[in-house]
1. How far, in nm, would the chain grow between Ile31 and Ser68 when pulled straight, counting 0.36 nm per residue and subtracting the alpha carbon separation?
2. Mind giving me the FRET efficiency for Arg49 and Met1? R0 is 22 Å, r the Cβ-Cβ distance, nearest 0.05 is fine.
3. Quick check on the exposure proxy: order Val22, Val64, Val5 from fewest to most C-beta atoms within 10 angstrom.
4. From the alpha carbon gyration tensor of region 2-70, can you work out the equivalent ellipsoid semi-axes (sqrt of 5 times each eigenvalue) and give them in Å, largest to smallest?
Amino acid sequence: MGYKVWCSNKDKELHLLCADGVDAFEALPAIRNLGPWTGSKEGEADRLRLPYRSMLTQQAFTIVYAHSSKLNLEAPKDPPACSASDVLRMNKVFKPNSAAGRREAVA
């Protein structure tokens, strides 16, 4: 299932997230009357962050009030990379605690 974001022309920080397609938008309650609306971002619902995906599944839409530059609906595609220097740095910060078999932070 896909999703589409609509941006209100009256208030540029008001966004409506619903299933992809004109039929899904037309089926929404009176919220549509907060527009007129302009189509914006779209993608696969599986890529949405969990809160947005849950609301979309439960309510068929959600309203997001945020500046377009702060509108971050999708989860990161790849986990952050950990370089060898990051691993070495973490090993210097933590030292093994031989008695308990755990690691402790070095002061």
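1. That works out to 11.4 nm of additional length.
2. About 0.90, to the nearest 0.05.
3. Val22, Val64, Val5
4. Here the semi-axes work out to 17, 14, 11 Å.
Readers should treat all values here as calculations from the given coordinates under stated rules, not as data from a laboratory. Source: prediction; values computed, not measured. Note: ideal-geometry Cβ built from the backbone for every residue, glycine included; neighbour counts use all protein chains shown.
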